[in-house]
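Participant: Sharing a structure, written as C-alpha cells. Questions coming.
The values are calculated or read from the model by the stated rules, or taken from the named source; none is laboratory data. Here the structure is a predicted model, which is why all the values come from computation and not from measurement. Cβ coordinates were reconstructed from backbone atoms using ideal geometry, including for glycine residues, and neighbour counts include every protein chain displayed.
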Amino acid sequence: MPIRTILLTLTLFCCVVAGISVALYYRQTHITALEREESSINTAANLLSVELETTLKSYKQITATMAAMPPVREVLAIENRQDRKSYIQAKALLNDFCINNLASICYLLSPQGDVVIENRRDIQGNLEGNNYAFRPYFKKSMLLGDTVYAAYGITTHKRGIYFGHKVVDQNNEVLGVAVVKVPVEKFEQSLKELSGISLLLDPDGVVFASKRESWVLKSLWGLSESVQTDIQANRQYAGKHIENLGFTKSGKDNRLIQEADSKAYFVGEADLLSLPGWRILHLEDVDPVSPFSSSIVSIVSWMFLVASFTSLLLFRMGMRDLRRRLSAEDELKNSEIRLRQLTELTSEGILIHQQGTIIDSNHAAEEIFGYRREELITADIWQLMAPECVSTAVHHMLSGYERPYDIEGQRKGGEIFPMEICARDSLLRGEGIRVCCIRDLTQSQKQVTDRLSKAIEAADREGKKLTVLYIDLDNFKRFNDSWGHDFGDRLLTATTQRFRTALSKHDSLIRYSGDEFIVLLNDLVDENKISRRINRLIRILKEEYMIEGRNISLSATFGIASYPEHGVTSKELLQNAELAMYRCREMGGQGYFAFYSNEMSDEAQQRLTLEQHLRHVIENDELSLHYQPVYYHDDGNEKLCSAEVLVRWNSAELGFVGPDKFIPIAENTGLIVEIGRWILHSACVQGMIWSQAKLPEFRMAVNVSPRQLQQQNFIEDLKLILSETGFPAERLCLEITEGILLEDDQFASHILQQIKALGVQLAIDDFGTGYSSLSYLKRYPFDYLKIDRSFVMDMERDESHQQLVKASILMAHGMSLKVIAEGVENKDQLNYLKQQSCDYFQGYLLSKPIPADSFRRVLEKSTRRCSLNHPR
Ligand code: G
Ligand code: G
Ligand code: MN
C-alpha cells in the first residue's frame, strides 16, 4: 500500500477521532453549561419572586391600615358627601398617606363601586365620580376583604398594582373599599437590575412588567378570543387589544422558548402567591447549537475543519465557560444584595436555611429572636423553636409544606412565644434552600390590646361597662387535619359571618389568631344579658354548616371578663378572659362559657409558683417514694404480692404537695419526663436493696405518664435502668392510664409491645374514668386492669358503679387479665369484690401508702414468699 494512502488513512483516522472527540467534548460542555444556566436562571426567578412577595405583603398591610383609619370610615359613612369638612379632612389624609407610602393614587369606593374621593386635588383626570364596579379588585375586596390586582389605569393610563381592602364600620357594616395603587415601576426596578430579561407575567401570559419595553402588555403566546374579551370586559389593560409576541415553547420541560424571529431563550419560573396565577419569568439567551450536517461529505470536511480549529474551539469553550461562570456569580451576588436590602424593610423575620443550618437572616429575625446575625448564621434553626415543636417543623420541611402554620418560638433568653412560620423551598447556587418568613404573633396580639385600650378609654368617657369575650373553637384542628386547610379557612369564614349575625351593632368582633376570636360587648351591663347574648352565639354556631358537601357542626368555649371589675388594662382583661376560657374547658365546660373570678387568677398564680419550685425538685432532693402494698386472698388470709410506687413531694418552701396537684403540672410542662425517670430509677434501686437483703420478692408497680411514653428514647431508658440497677424485668409492672391509648393507636400499640418484649408487665390504670373501652383490652397487651378507686368507693351507694365493677371483672377475666381493685376502704367493699372474684386488693383498709422503711417491716413480717402468679 502506498505510503500516501496510509498517511491519508492515518490523517483521516486522526481527523475522525479528533472530530468525534471534539463533538463529544462540545456536547458535554454544552450540557454542563445548560445545567449551570438552568440553576442560575431558576435562582434568579425565585429570588425575584421572594422580593416581590415581600413588597406585595407590606403594601397589603399598608392598605389594611388605611382602610381602618377613622377619616376613611367617616367620609364613606356620611350621607351627604358635600359635607366639606370631613371631605377635606379625608382628602388630606389620603394624600399624606399616598405620598408617604410612595403610592401613585389612593381612593375610596362606595359599596356600589363609585369613586367617592381620591387623594389628588383639582387635577385633570380626577377619578371622583367614576364607577369601577366592573373591576375585579372591587368585586373581590367586597367579597373577600382584600385583594391584589395588576392592571392598566383607565384614566391615568399607567400600569400599577392595585391593593383593595374592604372598609367596615364598628358594627362591621360595609362602607366601601379602599384602594392603593402602586406604580409598577416600583416593582419593575428589581426586574431591571439583573442581566438577562426578567418578566412579570399575568395568568394569560401577558407581560405586565419587564426591562424589554417593547414586550410590555403583549402576550408571549397569543390569546384566545374569549380571553381577549374577558380582559376587555375588566378593562384590565384599558381596553387594549393584546398583541402576540409569537413565542413558542420547546425543549425538555419547556425550558427553552423561541421567539418568532428564531431567537431562543432559557427560562426560569417562579409563582407569586399574593397574585394568584401570576409568575416571574427569567430569560437568558441561548447560543445557537452548531448544526452538524448529516451527509458523509460534509462530515469529512467538517472533521478537517474541526481538526484545524480544535485548538481554537477548545480555547473559545474555555473562555466562554469562564465568562459564564463569572457572570452567573455576579448576578447572584447582585440579587442577593438586593434581596438583603429588601428583606430589611419588612417586620417579618426572614431566615434562610439549608437542612436546618441557617445561612442568612434579616434584621427583623435578629429582633424577634434576640440573637445577633453572627450568632444566627450557621446556627441550627431548631434551637429557635420550643423543643416540642421541632418535630412538626422538621416534618413540614421534609414534606415541603408551604402554608403558614403556628408553633412556639424560643428567644435567646429562653422565652417561649407564639409565632407563625411560612416557609418555601428554593434554590441558591443550585442548592436547595428553604426561606422561612416568621411572624411574631405577640405583635398581632399587641394590635388587639391597642384596640381594646381604645374601647376602654371610650367606656371611661361614656361611663359605660365593657365586656370582653375570649372565644376558642373546640378541636378546630381536626378539620384542618382531616379535610385540609382550605376547608378550615372556609369554615372559619363561615363562622365569622355567623358570629356577626348574632351580635348587635354595638359589639365588635376581632379575629385574634387562627381559631380564636375576641368580642367586645359595649352595651351590656348585667350578667343575665351577657349570658343571653353568648347563648345566642352558642346556638348559632351549633347549627349545621354545609361546606364542600359536608355537614359540620361546631362548638366554642367562651371566657368572659368585664371592665372594670375583672381588670383595668387591656392586657389584664384579655388575660383574664383567656384564663376563664381555659378554666371552663378544664372543668368540663367545653362548648359553654365561664365568667372570670378572682379565684381563677389565684389558682393560676399558685400553679406558676408550683411550677417554678417543681423545676428544682430533683436537684434539691425533695422527692421521695411511698409504697402501697397490694394483697391477694388465700386461705382466709390476705397475702402481700405487690406494691404500687407513689411519689411524694416535700418542698422546703411549700411544704407537702400532693401528687394530684403537681403531677398534672409536671405533665403540662414536660417536667414529668425527668421526674418520671428519677422515680423509675429510684424504685428499681430500692427494689434491689430489698432483694439483696433476701426479703420476700414482690412485684413493683410504677406509674408512667403518657408524656414519658411518647419520648423517643423511653425504651432505651427503660432498658438502661433495668441493666444498671439489675432489677428483674418480670418483677416490674408499668401502670398506664387510658389517655395515651386514645391519642395514637398505632404508636401506643407499638410502644406497649416493645415494653412487653423486655419482659416488663403492664397494667391499665384508673379504669372506668376514661372511655374504658373493651377494645383497649383486646388490642393492647395488658396483664392487669386496675379498677379506679372512685368506683370501689361508691359501690355500696351507687348501683351503677356496682354493675361497672362487676362487668369490668368479668370482661377482664374473659380476656385473661387479672383485676386489681383500688381504694378498698372497708370490709363490705372487700367482701363484695371477693364475691365477684376480683384478684387483688389495694386500699386504706389493708394499708395506706407508706415510706420505704415501714414497707421494709411489712416485707419482713410477711411470712410466706409472695407468689408472683395469680393464686389459684
Ligand atoms: O398518690 P396519690 O397519692 O394521691 O396519687 C395521686 C395521683 O398521682 C394518682 O393518680 C397517681 O397515679 C399519681 N401518681 C402518684 N405517684 C406517681 C408517680 O410516681 N408517677 C406518676 N406518673 N404519677 C403518680
Ligand atoms: O395511680 P392511681 O390513680 O392508681 O393512684 C393511686 C392513688 O390512690 C394514690 O393517690 C393513693 O394514695 C390512693 N389510694 C390508695 N388507696 C386508697 C384508699 O383506700 N382510699 C383512698 N381515698 N385513696 C386511696
Ligand atoms: Mn396507679
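Participant: Being without any contact (Cβ under 8 Å) to a residue 40 or more places away in the chain and more than 16 Å from ligand 3 (Cβ to nearest atom): is that true of Ser682 here?
Facilitator: In short, no.
Yes or no, residue by residue, for (1) modelled with pLDDT under 85; (2) not in a helix (DSSP H, G or I):
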position	(1), (2)
Val50	yes, no
Thr54	yes, no
Thr65	yes, no
Lys85	yes, no
Leu94	no, no
Ile117	no, yes
Gln124	yes, yes
Leu127	no, yes
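Participant: What's the number of the condition Leu220 fails, among (1) modelled with pLDDT under 90; (2) crowded, with 18+ Cβ neighbours inside 10 Å; (3) closer than 30 Å to Leu256 by Cβ; (4) in contact with a helix residue (DSSP H, G or I) (Cβ under 8 Å, 6 or more places away or on another chain)?
Facilitator: (4)
Participant: Which residues, counting only those in segment 812-835, are crowded, with 17+ Cβ neighbours inside 10 Å, away from ligand 1 (no atom under 16 Å from the Cβ) and of a type outside the set (Ser, Thr, Tyr)?
Facilitator: Ala812, Leu817, Lys818, Val819, Gln829, Leu830, Leu833
Participant: Between Gln761, Gln842, which is modelled with pLDDT of 95 or more, within 18 Å of Ser705 (Cβ to Cβ) and within 16 Å of ligand 2 (Cβ to nearest atom)?
Facilitator: Details: Gln842 fails: within 18 Å of Ser705 (Cβ to Cβ).
From the options Gln761, Gln842, the qualifying one is Gln761.
Participant: Give me the strands (runs of 3 or more DSSP E) completely within segment 153-270, filtered to those with at least 1 residues that are touching a strand residue (DSSP E or B) at 6+ places or on another chain (Cβ under 7 Å) and within 30 Å of Arg498 (Cβ to Cβ), ordered by residue number.
Facilitator: Details: elements: 159-168, 174-183, 197-201, 207-210, 248-250, 256-258.
Answer list for segment 153-270: 159-168, 174-183.
Participant: List the residue pairs whose Cβ atoms are under 7 Å apart, where the first residue sits in segment 806-829 and is over 18 Å from Ala701 (Cβ atoms), the second is assigned to a helix (DSSP H, G or I) and within 16 Å of ligand 2 (Cβ to nearest atom), and the two are 6 or more positions apart or on different chains.
Facilitator: Partner pairs satisfying both residue conditions: Glu825/Met793; Gln829/Val792.
Participant: From the list Leu143, Leu94, exactly one residue is free of Cβ contacts under 8 Å to residues at least 40 places away in the same chain, more than 17 Å from Val180 (Cβ to Cβ) and within 38 Å of the chain's Cα centre (by Cα). Which is it?
Facilitator: Details: Leu94 fails: more than 17 Å from Val180 (Cβ to Cβ).
Going through Leu143, Leu94 in turn, just one is free of Cβ contacts under 8 Å to residues at least 40 places away in the same chain, more than 17 Å from Val180 (Cβ to Cβ) and within 38 Å of the chain's Cα centre (by Cα): Leu143.
Participant: A further question on this structure: Out of segment 692-715, which residues are of a type in the set (D, E, K, R), part of a loop (DSSP other than H, G, I, E, B) and within 16 Å of ligand 3 (Cβ to nearest atom)?
Facilitator: none
Participant: Let me ask something additional. Only residues that are aliphatic (A, V, I, L, M) and either touching a residue at least 40 places away in the same chain (Cβ under 8 Å) or surrounded by fewer than 21 Cβ atoms within 10 Å (Cβ to Cβ) (or both): list them for segment 558-597, please.
Facilitator: Filtering segment 558-597 down to residues aliphatic (A, V, I, L, M) leaves 560-561, 568, 573-574, 577, 579-581, 587, 594.
Matches in segment 558-597: Ile560, Ala561, Val568, Leu573, Leu574, Ala577, Ala580, Met581, Met587.
Participant: Exactly one condition in (1) within 16 Å of ligand 2 (Cβ to nearest atom); (2) within 26 Å of Asp717 (Cβ to Cβ) is false for His616; which is it?
Facilitator: Every condition holds for His616 apart from (1).
Participant: Now a separate question. Just for segment 807-838: of the residues that are of a type outside the set (A, V, I, L, M, F, W, C), within 16 Å of ligand 3 (Cβ to nearest atom) and assigned to a loop (DSSP other than H, G, I, E, B), which one is farthest from Arg797 (Cα to Cα)?
Facilitator: Glu822
Participant: Pairs please, first residue from segment 159-177 and in contact (Cβ under 8 Å) with a residue 24 or more places away in the chain and farther than 14 Å from Leu109 by Cβ, second anywhere and among the charged types (D, E, K, R) and not in a strand (DSSP E or B), Cβ atoms under 6 Å, 6+ apart in sequence or on different chains.
Facilitator: Sorted first by the residue in segment 159-177, then by its partner, the pairs are Asp169/Arg73; Asn171/Lys505; Asn172/Arg500.
Participant: Of the conditions (1) more than 15 Å from ligand 2 (Cβ to nearest atom); (2) at pLDDT below 95; (3) surrounded by 18 or more Cβ atoms within 10 Å (Cβ to Cβ), Lys694 clears all except one; give me its number.
Facilitator: (3)
Participant: Where in segment 412-512 are there strands (runs of 3 or more DSSP E), lying fully within it, with 1 or more residues that are at pLDDT below 90 and closer than 25 Å to His353 by Cα?
Facilitator: The qualifying strands (runs of 3 or more DSSP E) are 416-428, 431-440.
Participant: When residues of segment 648-678 are filtered for being within 35 Å of the chain's Cα centre (by Cα) and either assigned to a loop (DSSP other than H, G, I, E, B) or within 15 Å of ligand 2 (Cβ to nearest atom) (or both), how many remain?
Facilitator: Looking only at segment 648-678, we keep the residues that are within 35 Å of the chain's Cα centre (by Cα), and these are 659-678.
In the following step, the residues that additionally are either assigned to a loop (DSSP other than H, G, I, E, B) or within 15 Å of ligand 2 (Cβ to nearest atom) (or both) were identified as 659-664, 666-667, 670-672, 675-676.
Result for segment 648-678: 13.
Participant: Of everything in segment 389-414, what is charged (D, E, K, R) and under 13 Å from the mean Cα position of the chain (by Cα)? Give them in sequence order.
Facilitator: At the first step, the residues of segment 389-414 found to be charged (D, E, K, R) are 402-403, 406, 408, 411-412.
Selection gives Glu402, Arg403, Asp406, Glu408.
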